[in-house]
1. Can you give the direction-averaged projected area of the convex hull of the alpha-carbon atoms in segment 49-118, in nm²?
2. Nearest 10 degrees, 0 to 90: what angle lies between the long axis of helix 224-236 and the longest principal axis of the chain (Cα atoms)?
3. Viscosity 1.002 mPa s, temperature 20 °C: Stokes-Einstein D of segment 104-215 from its Kirkwood Cα radius, in µm² per second?
4. Given the alpha-carbon gyration tensor of segment 136-290, what are the semi-axes of its equivalent ellipsoid in whole angstrom, ordered largest first, with each equal to the square root of 5 times an eigenvalue?
5. How compact and how long is segment 44-181, expressed as Rg and Dmax of its alpha-carbon atoms in Å?
6. Would you grab the residues whose amide H sits under 5 Å from the one on R12? Only those 5+ places off in sequence or on another chain, please, with H modelled 1.01 Å from N.
7. Within segment 196-236, name every residue whose backbone N is under 12 Å away from a label modeled 7 Å from Cα of A149 along the Cβ vector.
8. Given the alpha-carbon gyration tensor of segment 234-289, what are the semi-axes of its equivalent ellipsoid in whole angstrom, ordered largest first, with each equal to the square root of 5 times an eigenvalue?
Amino acid sequence: MTPPVTRPYRGRLAPTPTGHLHLGHAATFLRTQERCQQAGGTLVYRNEDIDRQRCKPEYARAAIEDLAWLGLSWGEGPDLGGPYAPYDQSERREHYLGTWARLRDAGYIYPCHRSRRELREHAPTPKGDEQDAEPLYPPKWRPPPGTGAEALLPGECTWRFRVPDGETIHFHDALLGEQRFTAGKDFGDFPVWRREDMPAYELAVVVDDIAMDITEVVRGADLLLSTARQLLLYRALGASHIPGFAHCPLLRDASGRRLAKRHDSLSLRAMREAGLSAEEVRQRALDPDS
Ligand code: GLU
């Protein structure tokens, strides 16, 4: 028997430049680099600036500077180029459009004209970390399979992925162990293309992780449900390889709230300006109680 072919390890750092990076990002990215180094792999930097309204070039530049200061380095990225360029999501629209068309033609997605407000008012929110909970899209709002999609373009409405209600999506997480989520209960039909005519995060990230041949995704545990949604996309797209997943515990502030870009005093930039060394910040990120 021929042994299975092992693909060379490829990990990625994928910040969204909507603000300055903080200690929580540092924690996830340091683990990402560590796992990549242990595997002797290549680290890819991908600038997730798909949302042109919310993302700012100055934050994208600051993220590269701050991560380099912290001691991270990567082998491919917007600053270095590489075989899978471009590494800025804002320049990869045609990849996302091609995948949107494939999903539409195969009947996996449908156009949705409901507003966010309607959804909030009429849809139950599943239990869980309140910051992540998204209303469950009511199945009765779905069009019958195979109808309504032909004449519409991506930016004319939201496009949603029809989840297989009741199916359990399970995967092994390298840090957290077995994970199970039920489609239609833990999460509902999710957007793959937004009314503002841009791909949704779930679509863009799967398209890029496939295209850039990523073998392991290391991300924050706030994205566990997203990983379950993304596994449905990998399957719908018939991906020949699905990356492994490692979700890192989230850092919390003194009152137990998870760190966010609004915690300015914990931004890498602010800590550096306050005189902390990169080594001190690394220690705080990896052992916040120290
Ligand atoms: N860009 C996403 C974020 O900053 C993370 C992407 C991912 O790890 O899939 O939240």
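1. 7.4 nm²
2. Helix 224-236 sits at roughly 50 degrees to that axis.
3. For the chosen part, D equals 139 µm²/s.
4. 35, 19, 16
5. Rg, Dmax (Cα atoms, Å): 19.2, 53.
6. The list, which skips near neighbours in sequence, is V44, V218.
7. Flagged as within label range: 236.
8. Value: 33, 14, 12 Å, ordered largest first.
Here, each number is a calculation from the coordinates, and none is a lab measurement. In this text the structure is predicted, and so the values were computed from the model without any measurement. With ideal geometry, Cβ positions are generated from the backbone for all residues, glycine too; neighbour counts draw on all protein chains shown.
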